[in-house]
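One structure is given here, and the rest of the page talks about it.
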Amino acid sequence: MSLRERIDTDIKIAMKAKDKTRLETIRSIKKLILEKESSVRASGQESLTPEQELELLSQLAKQRRDSIQQYQQANRTDLADQESQELAILEEYLPRQLTDAELDAVLDQLITDLGAKTRKDMGKVMSAAMQHLKGQADGKRVQERVKTKLSP
């Protein structure tokens, strides 16, 4: 089942369940997918590739994480809770996030393969890591881990 089919099905389920938060979140995902599809049609592409869909969903999740952090700093727990609920719904459409141990294992392997030793090599490690880990780990989390693994 494609992402669009799954979203359409989930919209119907949320409507029947009268789950307002879920319905609004899924509708916003659908809206952004449709907008992105209309922008890629100009280049002759019929619809989004799975990679483009994943990138779009990852961006939405990142925006939610950033909003949660800002709301918590401003002591707006009500808004942070709402963003957390929306993030949980978004994550249902993303690949499973790697645990810290799994992430460390992948990064250790990449660092070894690339021969990275110092923080000067961080750029090439990050580039390879983000290609390898598409959607499986947040970029900020990966960056923090790489930074601790590469000595100054």
- line: In the stretch 100-152, residues that are in a helix (DSSP H, G or I), hydrophobic (A, V, I, L, M, F, W, C) and either closer than 25 Å to Gln63 by Cβ or open to solvent by less than 50 Å² (accessible area, probe 1.4 Å) (or both) total 13
- prompt: Just for the stretch 69-98: of the residues that are outside any helix (DSSP H, G or I), under 15 Å from the mean Cα position of the chain (by Cα) and not aromatic (Phe, Trp, Tyr), which one is modelled with the highest pLDDT?
  reply: Glu92
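In this structure, is Arg76 among the basic types (Lys, Arg), more than 18 Å from Glu144 (Cα to Cα) and without any contact (Cβ under 8 Å) to a residue 60 or more places away in the chain?
Values: among the basic types (Lys, Arg): yes; more than 18 Å from Glu144 (Cα to Cα): yes; without any contact (Cβ under 8 Å) to a residue 60 or more places away in the chain: yes.
It is true that Arg76 is among the basic types (Lys, Arg), more than 18 Å from Glu144 (Cα to Cα) and without any contact (Cβ under 8 Å) to a residue 60 or more places away in the chain.
With the structure loaded, tell me whether Arg64 is crowded, with 18+ Cβ neighbours inside 10 Å and without any contact (Cβ under 8 Å) to a residue 40 or more places away in the chain or whether it fails that test.
Numbers: crowded, with 18+ Cβ neighbours inside 10 Å: yes; without any contact (Cβ under 8 Å) to a residue 40 or more places away in the chain: yes.
Yes, satisfied.
Could you please let me know if Gly139 is more than 11 Å from the chain's Cα centre (by Cα) and either over 28 Å from Ser28 (Cα atoms) or of a type outside the set (Asp, Glu) (or both)? Walk me through how you get there before you give the answer.
Values: more than 11 Å from the chain's Cα centre (by Cα): no; either over 28 Å from Ser28 (Cα atoms) or of a type outside the set (Asp, Glu) (or both): yes.
Answer is no for this residue.
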message: Please go through the stretch 25-55 and give me each residue that is of a type in the set (Asp, Glu) and either surrounded by 11 or more Cβ atoms within 10 Å (Cβ to Cβ) or part of a helix (DSSP H, G or I) (or both), ordered by number.
response: Glu35, Glu37, Glu51, Glu53, Glu55
query: Is it the case that Gln82 is surrounded by 15 or more Cβ atoms within 10 Å (Cβ to Cβ), polar (S, T, N, Q) and farther than 17 Å from Glu55 by Cβ?
result: yes
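The values are calculated or read from the model by the stated rules, or taken from the named source; none is laboratory data. The structure presented is a predicted model; accordingly, all values stated were derived computationally and were not measured. Note that each Cβ is placed from the backbone with ideal geometry, even for glycine, and that neighbours are counted across all protein chains shown. Remember, those area values only see protein heavy atoms, side chains included, never the ligands or the DNA or RNA. Shrake-Rupley method; radii C 1.70, N 1.55, O 1.52, S 1.80 Å.
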